[in-house]
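One structure below.
The values are calculated or read from the model by the stated rules, or taken from the named source; none is laboratory data. Here the structure is a predicted model, which is why all the values come from computation and not from measurement. As a convention, Cβ positions derive from the backbone with ideal geometry for all residues, glycine included, and neighbour counts pool all protein chains shown.
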Amino acid sequence: MIDNLSPEPEILEQLFPFFFALDIDLNFVKKGKSLMKLIPEKTDFVQAFSFIRPQLGIKYTLESIVKFQERVFVLKVLGLTKQVSIKGQFIYDNGLLFFFGTPWIKSEEDFENTGLEFNDFSLSDWTADFLQLNKLLELELEDKLILKTEYEKQKSFYEHLFDYLPLDVAVLNDELKYVYINIKAVKDEETRKWLYGKTFLDYTILRNLDLAEAMEKESQFRKVLEDGRTYIYEDVYHKDTEHEKIMFRRMVPFKSADDKNFILASGMDITDLKKSANEILLKNEELKNINFELDSLIYSVTHDLRSPLNAITGLIEILEQENQNLEGSTLNYIFLIKTAIEKLDNAINEILDFTKNSRSEVTITEIELKELIQTCFDNIRHENKNKIKLRIEIFGKNQIYSDISRLRIILNALLSNAVIYSRFELEEPFIGISAITDEKNLIINIEDNGEGIAEEHKNKVFDIFYRASRKSTGSGQGLFICREIVKKLNGEISFKSTPAVGTIFTVKLPNIIQ
């Protein structure tokens, strides 16, 4: 391929010692002797050069370069410690792309930067050089106009973007003078234009604001630049009036691409947020007072109710001891009174359990689960309880850690319900409790073969005061309190139930191993 070159390669090297030829894939086919001093043998075209002129629209493809071949090219040589550029022209002929040029030297320093000798250069046509220089300047001017247009477009885009932000935005230079302000910060266009090149102090004087306060803020602005730290403060306008306005402001230091210091200032109107926060604080104080009063009321009511209940229970016991031959309606009345007292006492206990769960902190201790289950079952008062067979199975070797008082309330409620709604007419009514433990969780299943829960009641069993059966003797708070306690322990409670078959309640709690 080189043999077909005209003129001969040797003549080309004498005329253009920096010439080179590329094939259609932009691989070097030939390089002039002087160019080889600048570019290593195995370097390809893309690794060797970057385009300085033309720059816009040019690509590393044959088609792109041919498209611009009428122009003067300036190619920067890559991989050198000193900056060297080559100017010249591409010519496409007979399947080869030729570049004829010479180093772009504008001063003695440029020549020294090349690291070349005078004998590396050929005689030059200074007229052609002059014409090429004029052409290059013309192209450079075109590029600058295009770049200026693009810059103006980008500038306009970002200014519009900042204008529509829900924030006051401004940029200050290292002399604390405004170089940009959005419409949100200063709505009046005349004032906004006037502020460019002015300081916050100048604006303070213009608006006849507090000069001492402005000087203090400017001092903080300087610290932002000096220390490179963000400065945050609040501005309050028309304080203690119906037009009061509170602005949250942030001053952030940053450096531009050319290593100049600036401050990005932003402000947000937080008047409504502040008012809402103050209202919430007042509401919280009110709630604290209400909760305190409610706690006092609950304590007083439960204490005042429990005292006469205990007295009535004591009197009934005395009555039974002194009159052991009671029978008939009298005996029935005493039984009804005792049942009513028990129901009221249970309701008081449930209220206390709910209050305790809401107010007290979670206390974690190690728990002997099997012993706790048995104790809860033994404490259930029901005339037919002894007919029920209790099965307890614990799986897993991990120790169990939870809040024992809360777990006791959960077990009491679920076991009590299982007993109350058992079908005692069965040959073997039972309650089966299985617990699975690992390092993270405790899962307890409480199963019975009792009445079960009808479909229409399943979505309401955890509602407060809801009673799904005529058998229920409680206040309807038990399962509601269970769910609230499980939530407090960051657990889950669920159930499956089939009428006339039975129910399985599942409680999953974190095993908080200490």
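Considering Asn289, Asn278, the condition of being exposed (fewer than 11 other Cβ atoms within 10 Å of the Cβ), over 25 Å from Leu165 (Cα atoms), under 33 Å from the mean Cα position of the chain (by Cα) and not β-branched (Val, Ile, Thr) is satisfied by Asn278 alone.
Residues in region 256-286 that are modelled with pLDDT of 90 or more and among the charged types (D, E, K, R): 1 in all. Looking across region 210-232, just one residue is under 17 Å from Lys260 (Cβ atoms) and not in a helix (DSSP H, G or I), and that is Gly228. Listed by first and then second residue, the pairs with beta-carbon distance under 7 Å, at least 6 apart or on different chains, first residue in region 259-283 and in the same structural domain as Glu175 (by TED's automatic domain parsing), second assigned to a helix (DSSP H, G or I), are Asn261/Leu225; Ile263/Phe221; Ile263/Val224; Ile263/Leu225.
Filter region 91-101 down to residues that are surrounded by fewer than 20 Cβ atoms within 10 Å (Cβ to Cβ) and touching a residue at least 24 places away in the same chain (Cβ under 8 Å) and give me whichever is farthest from Ser50 (Cα to Cα). Per the criteria, the residue is Asn94. Residues that are of a type in the set (Ser, Thr, Tyr), modelled with pLDDT under 75 and over 30 Å from Ser219 (Cα atoms) within region 126-163 comprise just one, Thr127. Only one entry in Asn325, Asn357, Asn346 is farther than 20 Å from Lys488 by Cβ and either at pLDDT below 70 or part of a helix (DSSP H, G or I) (or both), namely Asn346. Per the listing Thr204, Thr149, Thr230, Thr191, the residue uniquely of a type in the set (Val, Ile, Thr), free of Cβ contacts under 8 Å to residues at least 40 places away in the same chain and over 27 Å from Thr271 (Cβ atoms) is Thr149. With the condition being among the aromatic types (Phe, Trp, Tyr), I'd like the helices (runs of 4 or more DSSP H) fully within region 15-112 carrying at least 1 qualifying residues. Output list reads 45-48. Any residue in region 234-252 that is aliphatic (A, V, I, L, M), loosely packed, with under 10 Cβ neighbours inside 10 Å and at pLDDT 85 or above? Taking every residue of region 234-252 in turn, none turns out to be aliphatic (A, V, I, L, M), loosely packed, with under 10 Cβ neighbours inside 10 Å and at pLDDT 85 or above.
Applying the condition of being among the basic types (Lys, Arg) and in a helix (DSSP H, G or I) to region 186-209 and asking which residue is farthest from the chain's Cα centre (by Cα) yields Arg207.
Among the residues of region 255-274, those that are within 25 Å of the chain's Cα centre (by Cα) and closer than 15 Å to Val224 by Cα comprise Leu264, Ala265, Ser266.
Reported count of residues in region 491-509, each being of a type in the set (Gly, Ala, Ser), more than 25 Å from Asp403 (Cα to Cα) and outside any strand (DSSP E or B), is 1. Look at region 46-69: where a residue is under 15 Å from Asp93 (Cα atoms) and a partner is among the basic types (Lys, Arg) and modelled with pLDDT of 90 or more, sitting 6+ places away or on another chain with Cβ atoms under 9 Å, you get Ile65/Lys59.
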